[in-house]
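Worksheet: the structure to be examined is printed underneath.
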Amino acid sequence: MRTRSLLATLAAGCLSVFSSHAASATERQPFEVVKGWEIERTVADTSANPCLMTHAYEDKDDNNAANAVVFALRGSSAVLVLVYQGWDFDKEEPVKVPLFLDKKPIKLKTTWIGDGKTLRTQLPDSVVPDLLAAKTVILRFEDSDADFRIPDFAAGYEALRRCDATPAAVTAPQPASPGGAMLQAAPAQPPVPSQQRIAAYAIGLSVQRVLKECDLSSTGKQRAAVDVRMAALQPEMAPLDAQLRSELKRNGESCPAADKQAEFQDVLRKFIELSPEDLVAALEKPPAPQQAPDSKSGSQL
């Protein structure tokens with residue numbers, strides 16, 4: 001990534017490179033925010049369960065590490081996705097680890113699937129009553145426990161059921177909370193992401209590389225926020241990840257020059273604060289023309 005204009009060019013390039021996906025591209029829209037849970041609906045999903053619920057937070061007891069929990073119903077099953085900033089699983093890595101809800105072991109034979117900073121699994125919906133009564137999801141690894149807070153899960157679950165039951169034609173979305181959607185619980189056949197989300201993911205890959213490889217100013221909170229944004233997008237982008245990385249290499253990879261680092265900081269801020277759609281729209285905007293210096297404002301002797 002060299003400048004804001006390069007990012008805009010990259011975004012536009014991704015739109016054309018992946019135009020073959022445009023016909024079936026889908027998006028998610030906010031439905032409701034309830035006690036820290038974001039409820040979203042997948043646009044054009046005609047299944048009985050088009051919605052998911054997400055709780056994202058920073059763990060102050062773990063150096064403000066980013067965490068997120070996603071839950072969705074899929075017929076008689078439930079999808080549970082966990083994200084933790086400190087994980088680094090191989091793509092589609094199978095992970096067998098016991099599941100506890102508070103102190104109660106959930107005795108189900110299940111395999112978690114790792115991918116970067118996420119783990120996902122599919123459970124029978126009979127686990128829902130235990131989730132409604134719990135405050136913490138715990139994965140018990142050999143060397144330590146991974147704890148994820150699920151406060152007010154019952155309130156989020158009630159909103160999820162309302163979202164699932166609401167016909168798409170009369171859905172009245174509310175503005176998303178500043179954190180935005182963190183993840184999509186991966187269904188068996190995930191919808192193709194929109195062109196804007198594809199472009200935003202490509203931009204995020206470039207931002208991550210610069211933060212990792214280049215000598216420039218950034219905070220731990222900024223890096224964590226970028227990782228969470230990317231973890232949110234990664235499940236839906238998995239089929240396109242290799243092609244996007246190849247596209248980035250063709251565009252060239254370098255560190256921002258000293259006079260371009262302010263532009264990178266602006267892109268970094270936008271990537272963290274804006275939704276994928278708003279990010280791409282902002283980067284595609286032409287820069288405001290600079291006004292010529294007013295001759296009347298020159299120095300006077």
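The values are calculated or read from the model by the stated rules, or taken from the named source; none is laboratory data. What you see is a predicted model, and the numbers here were worked out from it, not measured in a lab. Here the Cβ positions follow ideal geometry from the backbone for every residue, glycine too, while neighbour counts run over all protein chains shown. Ligands, DNA and RNA are stripped out before the accessible areas are found, and what is left, the full protein with its side chains, is counted by its heavy atoms. Shrake-Rupley method; radii C 1.70, N 1.55, O 1.52, S 1.80 Å.
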| query | How many residues does region 84-123 contain that are surrounded by 12 or more Cβ atoms within 10 Å (Cβ to Cβ), closer than 23 Å to Asp61 by Cβ, basic (Lys, Arg) and over 16 Å from the mean Cα position of the chain (by Cα)? | reply | 1
| note | Within region 194-231, the count of residues that are more than 27 Å from Asp62 (Cβ to Cβ), at pLDDT 85 or above and hydroxyl-bearing (Ser, Thr, Tyr) comes to 1
| field | Residue match in region 255-278 (condition: surrounded by fewer than 16 Cβ atoms within 10 Å (Cβ to Cβ), part of a helix (DSSP H, G or I) and touching an Asp or Glu at 6+ places or on another chain (Cβ under 8 Å)) | value | yes
| request: Find the residue count for region 136-155, including only residues that are within 23 Å of the chain's Cα centre (by Cα) and among the basic types (Lys, Arg). | output: 1
| Which one of the conditions (1) farther than 27 Å from Asn64 by Cβ; (2) open to solvent by less than 20 Å² (accessible area, probe 1.4 Å) does Leu131 fail to meet, given that it meets all the rest? | (1)
| field | Residue among Ala159, Ala169, Ala155 that is of a type in the set (A, V, I, L, M, F, W, C), open to solvent by 80 Å² or more (accessible area, probe 1.4 Å) and either within 18 Å of Val34 (Cα to Cα) or at pLDDT below 95 (or both) | value | Ala169
| message | Cβ-Cβ under 6 Å, sequence separation 6+ or interchain: first residue in region 220-231 and over 16 Å from His55 (Cβ atoms), partner open to solvent by less than 10 Å² (accessible area, probe 1.4 Å) and not small (Gly, Ala, Ser). Which pairs? | response | Val226/Val207
